[in-house]
Amino acid sequence: MKITEVRLGKISVPLRVPFKTALRSVSSVEDIIVEVHTDTGAVGYGEAPPTGAITGDTTGAILGALQDHIIKTVVGRDVDDFEDLMQALNSCIVKNTSAKAAMDMALWDLYGQLYRIPVYKLLGGSRKQIITDITISVNDPEEMARDAVDAVRRGYDTLKIKVGAHPELDVARLTAVRQAIGNDTRIRIDANQGWEPKQAVRLLNQMQEKGLDIEFVEQPVKAHDIEGLKYVTERSYVPVLADESVFSPEDALHIMQTRAADLVNIKLMKCSGLYNALKIASAAEVYGVECMIGCMLEAKISVNAAVHLACAKKIITKIDLDGPVLCSEDPILGGAVFDEQRITVSDEPGLGIKGVEKMTYLD
């Protein structure tokens, strides 16, 4: 199976409600789609969201990396030479992790199709179904409480609450949410780098002392501040998960070795795709550090790839793959089935994607 052509496209999918964090506010998913064609007629699909505030990858940067470096690296190569193909992909340009992730998942899709096996079984195949949380955007306490009640009514038993914007409101936000939904629903929070280390410890311990029962906090401090992250981990009543601090297997290994966080978040757009995500999962297995699998604000192609990884590896115990259910429509044909909190992986060969509706080709 030889790669003959790569086509690029773009999709625009409105969100049900605006997505707000301490870093940004977004009203639609605007993602780049990668179609990798082969001489057998098989097509592999990948996707990359422009998330400049987190990854540094804008739409122009993603397209430039693909057109000027990545596509030239893969066209003409045989999918069966998979290890060499992956090494070439990861070394053809530095950083540009989202563009690499889009190509990475398209190649895994083709590799699974070549051997007629779904990717999650290729990687280990520990389960067919996972349960995701759903994100509650950062707003005034009353609006967040209403959004939380709506999510619980839709069947979600785990909420990820965004905090960190105007930190003086964060305890009030969590108090309003907990009072609105009761004690039977898990609450995890994501500060998106919005706090300083001492402030984070004060706020987190105050939340626990008020009986808000926070499962864990995601990235309470700036991504580069590993010492600050470790400071919070050692002093907080709430377990700490590293997210933006982890872009590579090397980053994850450093976090685990220094015990700077209790858990690690794997995101394909930060680590350049499944190939490196597997390395993070393997390191986590060695160090006994549980992982969460997360996503940016993405449509179903890339989140579907993350579903396959989550269904393959038991070390991934926390699921944050709500991108498709935050969208008002689903233009992606095939792949995993997203039934609110319940996600069921496809048993079709590869990643199971059949096509994309309402896509604008860019070539």
Response to the item:
Going through (1) part of a helix (DSSP H, G or I); (2) crowded, with 21+ Cβ neighbours inside 10 Å; (3) among the hydrophobic types (A, V, I, L, M, F, W, C) one by one, Ala260 fails only at (1)
Item to complete: May I ask you to list the residues in the range 311-363 that are of a type in the set (D, E, K, R), surrounded by 20 or more Cβ atoms within 10 Å (Cβ to Cβ) and either in contact with a Pro (Cβ under 8 Å, 6 or more places away or on another chain) or within 23 Å of Phe19 (Cβ to Cβ) (or both)?
Response: Lys318, Asp320, Asp322
Worksheet item: Regarding Ala61, is this residue outside the structural domain of Ser272 (by TED's automatic domain parsing) and more than 22 Å from the chain's Cα centre (by Cα)?
Response: no
Discussion item. Just to check your reading of the model, which residue among Ile316, Ile332, Ile301 is closer than 15 Å to Asp243 by Cβ and touching a strand residue (DSSP E or B) at 6+ places or on another chain (Cβ under 8 Å)?
Written reply: Ile316
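To keep it simple, each residue is scored yes or no on (1) of a type in the set (Ser, Thr, Tyr); (2) in contact (Cβ under 8 Å) with a residue 40 or more places away in the chain; (3) assigned to a loop (DSSP other than H, G, I, E, B).
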residue	(1), (2), (3)
Val246	no, no, yes
Ile266	no, yes, no
Ala277	no, no, no
Ile280	no, no, no
His308	no, yes, no
Glu329	no, yes, yes
Glu348	no, yes, yes
Practice prompt. Keeping to the range 7-57, report how many residues are of a type in the set (D, E, K, R) and either within 15 Å of the chain's Cα centre (by Cα) or more than 28 Å from Gly164 (Cβ to Cβ) (or both).
Written response: 7
Item to complete: Pick out, from the range 7-101, the helices (runs of 4 or more DSSP H) lying fully within it that include 1 or more residues that are in contact (Cβ under 8 Å) with a residue 12 or more places away in the chain, touching a Ser or Thr at 6+ places or on another chain (Cβ under 8 Å) and surrounded by 14 or more Cβ atoms within 10 Å (Cβ to Cβ).
Response: 59-65, 82-91
Worksheet entry | Criterion violated by Val325 - all others in (1) assigned to a helix (DSSP H, G or I); (2) touching a Gly at 6+ places or on another chain (Cβ under 8 Å) satisfied | (2)
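The values are calculated or read from the model by the stated rules, or taken from the named source; none is laboratory data. What you are looking at is a predicted structure, and each value in this text was computed from that prediction instead of being measured. So basically every Cβ, Gly included, is an ideal-geometry build from the backbone, and we count neighbours across all protein chains shown.
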